[in-house]
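The structure appears right after this line, and notes come after that.
The values are calculated or read from the model by the stated rules, or taken from the named source; none is laboratory data. Only a predicted model underlies this, so the values are computations on that prediction, with no experimental measurement involved. Cβ: placed from backbone, ideal geometry, glycine included. Neighbour counts: every protein chain shown.
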Amino acid sequence: MVVVGGASVLLITRTIDGLYQTEFSLPAFGLFSLLGMLLHLIAFERGREEAALDFAITLAGLTYIGWIGSYLIALRYLPAGAWWTFAVLTSVWLADGGAYVIGKRWGRRQISPNLSPKKTWEGYFGGILFSVGFGLLLGMAWQAGAGDTPLTPLTTALVGLVMSTLTIFGDLGESMIKRMAKAKDSGSLIPGHGGAFDRVDSWLWAGVLGFYLITWLFYR
């Protein structure tokens, strides 16, 4: 409950704070961290021997889901943020789709047999090609259809390259957590899709990477 409630509050406070301000986000993070410690101290007194480990997991959840996840909101707050958010998330979807199509047809060499046996190097590089190639086409279409957009074929291809190359580690990280927890799915909120965490594992990486990439390139 602390993770779910704290992460939700962090997302809300990031919306209030805006692009760089942390007037509400940092205090919320600190208070929920202390609340988590208090609840796990009570659990230990009641016989929960793994309470210290539980607290570490709670703190990790607050940081990874709440704080890191809030970068998706910060991305939206950038100038032309709607365009950038769409470009970043579209790049992730294209990479996932390309990896699935190419991997299923030609995949042979596993990337990480212990974490995700179905992911292959062939699919991985296919996802990069999809994301960069379609990124170029989308950039051309957006530039032709909306002259005031900052998205060009070069920028969308670059965003596609970074997203498709690195966000796979968010997916693998989520698989690692499920393996350690000995759970097939991260939850039952979205049946048939492995849980809500499975739907956003790559987005968490994409929010941070996209925010700093775009800030560094255009808004320094």
Worksheet item: What are the residues in the range 1-38 that are hydrophobic (A, V, I, L, M, F, W, C) and part of a loop (DSSP other than H, G, I, E, B), if any?
Response: M1, L19, F24
Discussion item. Going through L151, L172 one at a time, which residue ends up being in a loop (DSSP other than H, G, I, E, B) and either crowded, with 21+ Cβ neighbours inside 10 Å or modelled with pLDDT of 90 or more (or both)?
Written reply: L151
Worksheet item: If a residue has to be buried (at least 22 other Cβ atoms within 10 Å of the Cβ) and closer than 25 Å to R179 by Cα to count, how many in the range 83-97 make the cut?
Response: 2
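Filtering the range 59-101 down to residues that are assigned to a helix (DSSP H, G or I) and in contact with a Pro (Cβ under 8 Å, 6 or more places away or on another chain), which residue is modelled with the highest pLDDT?
Taking the candidates together, the pick is W84.
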Fill in: Where D54 falls short, out of the listed (1) at pLDDT 90 or above; (2) touching a Ser or Thr at 6+ places or on another chain (Cβ under 9 Å)
(2)
Item to complete: Evaluate the range 65-74: report whether one residue or more is free of Cβ contacts under 8 Å to residues at least 40 places away in the same chain, surrounded by fewer than 21 Cβ atoms within 10 Å (Cβ to Cβ) and aliphatic (A, V, I, L, M).
Response: no
Practice prompt. Look at L26 and say whether it is free of Cβ contacts under 8 Å to residues at least 12 places away in the same chain, more than 27 Å from D171 (Cβ to Cβ) and outside the structural domain of D171 (by TED's automatic domain parsing).
Written response: yes
Discussion item. Against the condition more than 23 Å from G207 (Cβ to Cβ) and either in the same structural domain as R220 (by TED's automatic domain parsing) or assigned to a helix (DSSP H, G or I) (or both), how does L41 come out, does it pass?
Written reply: yes
Item to complete: Identify all residues within the range 119-147 that are touching a Phe, Trp or Tyr at 6+ places or on another chain (Cβ under 9 Å) and surrounded by fewer than 17 Cβ atoms within 10 Å (Cβ to Cβ); write none if there are none.
Response: A146
Practice prompt. Sort through L53, L10 and tell me the only one that's loosely packed, with under 13 Cβ neighbours inside 10 Å and outside the structural domain of I128 (by TED's automatic domain parsing).
Written response: L53
